[in-house]
Amino acid sequence: MATESSEGEEETKLMGGNPQLVVDADLREMAMNAAWSVSSCKPGNGVSSLRDDNYETYWQSDGAQPHLVNIQFQKKVKLQLVALYVDFNLDESYTPSKISIRAGDGFHNLKEIKTVELVKPTGWVYISLSGNDPRETFVNTFMLQIGVLSNHLNGRDTHVRQIKIYGPRPNPIPHQPFQFTSTEFITYSTLR
Amino acid sequence: MDLLKEAETALCPSNEPSSEFSGVSHSPPAILRNMLPNGPTSSSVCADASQRSTVKSIIQAPRRKLVDEGKLKMISGRLFSDSGPRRSTRVAGEGVSTANINGITVAGNGTNHSSKYPSISKLGSAAFRSVTVRKGQSLSTETFSEGVRSELDDTRSNTATTTSGSSLPPDTRSCEHDSSVSRASMSVSKPASGGLQVLSLLKIIGEGYRLSCLYRCQDALDVFMQLPHKHYNTGWVLSQVGKAHFELVDYLEAERAFNNARLASPYSLEGMDIYSTVLYHLKEDMKLSYLAQELISTDRLAPQSWCATGNCYSMQKDHETALKNFQRAVQLNSRFVYAHTLCGHEYVALDDFENGIRSYQNALQIDVRHYNAWHGLAMIYLHQEKYEFSKHHFQRALYINAHSSIIMTYLGTSLHALKRNEEALAVIEKAIIADKKNPLPMYQKANILVSMGEFDSALNVLEELKEYAPHESSVYALMGKIYKRRDMYDMAMLHFGLALDLKPSATDVAAIKADIEKLHMPDELED
C-alpha cells in the first residue's frame, strides 16, 4: 500500500525518556515466550541482559553495524508498541541514536516498518508500531527485528538495557465482536 | 455424598481414639461409663467442669475465636495420634478446635459439643451434620451459651433410646459416651423446650445450607432470614449469606454480608476465598489487598489467604504472580476445590489452555458439583471453537446451578455458534427472565438476531439495552454496524462516534474506525 511505504520514510525523533515504564492497561507484554537472539555480543553482556528487568545490566554488541536484536514468536502475533530502556548519561557514545524496526515471517522477508531517531534518551522510550490508517494499528507478524543503525557521537558498539514488546490483550470473552467497557457488562460477563 | 465425606474427615480425630468402644456402641450409656479406663476421675472432672463451663464458655467465646484454626488442626492431629484413651474421654466428643485449651475448659466444651451431636443423629441428615461440624469451631459457643446445655441431656437420653436400635453413625459413638459422663453429674431433668429451641435453630441453619448447596440461593437466603437476629449476625451464617448473594451475582449485597461476617468473627477463614472474588468482581482493589494482607497475617498456611492474594494480583493483570499464589493454595491443601479452579482461570488468562483444562479437571475430581470448573472448561472449548464440547459443559454447569443467568447466556452463545439459533434464543429468553439485572443475555440476543438478519428486532433490543447501560461502547458499536448494514449512514456514523467516545479497547477502536472509513463504500468492495 502507498501509505505503508510513506510510513517507512517518515522519521520520528524521540527525546528524553521515562524513568518509569507506563503502558496502557489494555496492552500486554508479548515476548515472554519468544526466541530472542542478537547479531553479536560481548561475553557477559549477552541477550539475557535485555530481559532481566534490571536497568544496571545491558546488552553490548561486539561487531559491525547494524546491530540487530531478533525476536521470533511461536505464532503470528499482533504487536503495537516497542519499549526500550537506554541511558545516555551512563552509556554516552554507546547510546543508540537511529533505530529501525522490521517485521516479517522470518529472516528472509523482513520489511522495515518504522525508523526512529533517539535524541540523548535516558529511560524508557516508546516506539509505536501503528501506522496512520486505523487498519494498521497493529503489526501482524511472526518476527520482529530491532536494528541499531547508528549511535550517539558516532560510537561503534551499542548498549541497550531493556526491551519490551506489547500487543493488545485478546478479548477475554470469545465470540464477541467487541470488548465490553462498562462495569455492568464486565461483571456479568465473567464467572469466577 | 461429598458432604458426608467432609463430615467424616472433620471428625476423624474424634473417631480414632474412641475406636475401642466401637463394640459397645449400641449399649446404654450406663455400661459405657463403667468401661471407661479412668471413669470415676474423669467424670468428676467433667462434672465440675461442665458446671463451671456454663459460666466460663461465655467468657471464653471471644478467646476461642482467636485460636488459629489452621495451625490448630496440625497440632491437634499430632496430639491425637500419640495421646491415649485418657485424653479421648475428655476430648473425644470435641471437634478439632479446642484441643489446646487447658483441661478444664476442654472438658467443659466436651460436654457442650457432645450434647449437640446426638441431636444431630436424631435428625439424621448428612448435610446437617456437616454444617454443625464446620460450624462447631466458630459458632457453637455462641449458639449454646444460653444455658440450654443442661436441658440437652434430657433430649439426648431420648435420642439415645430411640436410636439405640438402629446403627449409629460413627461420630455419635464417642459423643454418646462422653455425654453419659456429663449426665452422671446432672441427672436433673429439665424441660425439653430448650433443646427443641436449639434443634429448631439448627434446623433452619441446616435447611439454609442445604438449599445453598443446591444453589437455590434465593430460597436459602429466605431461610436464613428466619433466624433470630442474634444468630443471623454470626460469622458463619453471614458468610453463608454472602456466598448465596455471590451465586446470585449480587456482589454488592455479598460484599456487605461478608464485611459483616468479618466484623462478627475477624479470624474466621470460612468463605473468605469467595469474599476475595466478590471484591475482585467489584474492582475494589484497596479492600481486596487489605483483606489479603489480613488473611495472610491471620494464617499463612490457609489456602483461603493465598486465594485472596492471588485474586489481588489477578486484578492487577499480573497473571503469572496470581497463578503462583493459587498454586501455593493448592500446595497447602490439595483438596481445596476453589484454588484449582482459580488456577484454571489464570492459565486461561495466560492463554495456556492445556494446563487450564488440567486444573479444572483436578477441581472436578475433588468435587463434581463445583460448577465453576465446568463453566471454565466450557469457556476454554468456546475459545478453541469446540462448540459441541462447550455446549455440553455449559449444560453440565447449568444442571448443577440451574438459576445462573450467566451460564444460560453462554449456553445460548455456544448454541448460536452451533447454528442452532432457535434453541439459542429460547435459552437466552430464559436467561433474561432468570435475572433481570443481567444485561448480557439481551446483548447476546441482539447478536443472534443480527446474524439471523432480523435487524429491526435487534435494534429494538439494543435500544432497550442502551437505557440500561448507557456507558457500554459495544452496544453503540453493534447498533452502528446494524445501521450500516441497513444503509442508514448518518445513524451509523452517530453510533460509531458514540462508541468511540466511550473509550473501547485499541483493537475495537481500530475495527470501528475501519468501519467508519468503509461507510460510504458499497459492501461488495470490502475486503
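The values are calculated or read from the model by the stated rules, or taken from the named source; none is laboratory data. Please read all numbers here as calculations on a predicted model, not as lab measurements. Counting neighbours? That spans all protein chains shown, and the Cβs are built from the backbone with ideal geometry, glycine included. Ligands, DNA and RNA are excluded from the accessible area calculation, which covers all protein heavy atoms including side chains. Shrake-Rupley method; radii C 1.70, N 1.55, O 1.52, S 1.80 Å.
Report yes if B:L398 is within 12 Å of another protein chain (Cβ to nearest Cβ), open to solvent by 40 Å² or more (accessible area, probe 1.4 Å) and of a type in the set (A, V, I, L, M), otherwise no. Answer is no for this residue.
Here B:A426 passes the criteria (1) in contact (Cβ under 8 Å) with a residue 24 or more places away in the chain; (2) more than 30 Å from B:G497 (Cβ to Cβ) except the one numbered (1).
Taking segment B:296-316 as the range and being without any contact (Cβ under 8 Å) to a residue 24 or more places away in the chain and more than 23 Å from A:L191 (Cβ to Cβ) as the test, the residues that pass are B:I296, B:S297, B:R300. Scanning segment B:320-342 for residues that are of a type in the set (D, E, K, R) and in contact with a helix residue (DSSP H, G or I) (Cβ under 7 Å, 6 or more places away or on another chain), we see that the one that is most open to solvent (accessible area, probe 1.4 Å) is B:R335. When residues in segment B:445-465 are screened for being under 19 Å from B:F496 (Cα atoms), touching a helix residue (DSSP H, G or I) at 6+ places or on another chain (Cβ under 6 Å) and not aliphatic (A, V, I, L, M), 1 of them pass.
From the list B:S305, B:S297, the one residue that fits, being assigned to a helix (DSSP H, G or I), away from chain A (no Cβ under 14 Å) and either out of contact with any helix residue (DSSP H, G or I) (no Cβ under 6 Å at 6 or more places or on another chain) or within 28 Å of B:N438 (Cβ to Cβ) (or both), is B:S297.
For every residue, the table says whether it meets (1) open to solvent by 20 Å² or more (accessible area, probe 1.4 Å); (2) within 30 Å of B:D318 (Cα to Cα); (3) within 14 Å of another protein chain (Cβ to nearest Cβ).
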| residue | (1), (2), (3) |
| --- | --- |
| A:G46 | no, yes, no |
| A:T57 | yes, yes, no |
| A:A64 | yes, no, no |
| A:V77 | no, yes, yes |
| A:Q80 | yes, yes, yes |
| A:T95 | no, no, no |
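A single member of A:K120, A:K78 is of a type outside the set (A, V, I, L, M, F, W, C) and under 27 Å from A:R169 (Cα atoms), and it is A:K78.
Name the residues in segment A:157-192 that are touching a helix residue (DSSP H, G or I) at 6+ places or on another chain (Cβ under 8 Å) and among the charged types (D, E, K, R), would you? Correct list: A:D157, A:R161, A:K164, A:E184, A:R192.
Among the residues of segment B:320-342, those that are closer than 19 Å to A:T190 by Cα, more than 12 Å from chain A (Cβ to nearest Cβ) and within 18 Å of the chain's Cα centre (by Cα) comprise B:V337, B:A339, B:H340. Taking segment A:118-192 and the strands (runs of 3 or more DSSP E) fully enclosed by it, the elements with 3 or more residues that are more than 7 Å from chain B (Cβ to nearest Cβ) and open to solvent by 10 Å² or more (accessible area, probe 1.4 Å) are at A:122-128, A:139-151. Just one of (1) more than 8 Å from every other protein chain (Cβ to nearest Cβ); (2) charged (D, E, K, R); (3) over 34 Å from the mean Cα position of the chain (by Cα); (4) closer than 22 Å to A:I173 by Cα fails for B:E464. It is (4).
Sort out which residues of segment A:160-181 are more than 20 Å from A:V22 (Cα to Cα) and touching a Pro at 6+ places or on another chain (Cβ under 8 Å), and write them in order of number. Once the filter is applied, which keeps residues that are more than 20 Å from A:V22 (Cα to Cα) and touching a Pro at 6+ places or on another chain (Cβ under 8 Å), segment A:160-181 yields A:F178, A:Q179, A:T181. Among (1) farther than 24 Å from B:E284 by Cβ; (2) more than 14 Å from chain A (Cβ to nearest Cβ); (3) buried (at least 19 other Cβ atoms within 10 Å of the Cβ), which single condition is B:Q365 missing? Against the list (1) farther than 24 Å from B:E284 by Cβ; (2) more than 14 Å from chain A (Cβ to nearest Cβ); (3) buried (at least 19 other Cβ atoms within 10 Å of the Cβ), B:Q365 comes up short only on (3). Quick test for you: out of B:Q293, B:Q365, pick the one residue that is without any contact (Cβ under 8 Å) to a residue 24 or more places away in the chain, over 30 Å from B:T413 (Cα atoms) and of a type outside the set (F, W, Y). When all the criteria are applied, what remains is B:Q293.
Take B:L282 and tell me if it is within 27 Å of B:I357 (Cα to Cα), surrounded by fewer than 23 Cβ atoms within 10 Å (Cβ to Cβ) and within 14 Å of chain A (Cβ to nearest Cβ). Taking the combined requirement at face value, the residue satisfies it. It is to be established whether one or more residues within segment B:485-494 are farther than 30 Å from A:L81 by Cβ, within 14 Å of another protein chain (Cβ to nearest Cβ) and small (G, A, S). No: segment B:485-494 contains no residue that is farther than 30 Å from A:L81 by Cβ, within 14 Å of another protein chain (Cβ to nearest Cβ) and small (G, A, S). For segment A:105-117, a residue qualifies if it is open to solvent by less than 40 Å² (accessible area, probe 1.4 Å) and free of Cβ contacts under 8 Å to residues at least 40 places away in the same chain, and exactly one does: A:G106. The residues of segment B:216-234 that are free of Cβ contacts under 8 Å to residues at least 60 places away in the same chain, open to solvent by 50 Å² or more (accessible area, probe 1.4 Å) and not in a helix (DSSP H, G or I), listed by number, are B:Q226, B:P228, B:N233.
When B:A244 is tested against (1) closer than 22 Å to B:D435 by Cα; (2) open to solvent by 10 Å² or more (accessible area, probe 1.4 Å); (3) of a type in the set (A, V, I, L, M, F, W, C), only condition (2) is not met.
Within segment B:473-484, the residues that satisfy the criterion of being open to solvent by less than 70 Å² (accessible area, probe 1.4 Å), out of contact with any Leu (no Cβ under 7 Å at 6 or more places or on another chain) and within 9 Å of chain A (Cβ to nearest Cβ) are B:S474, B:A477.
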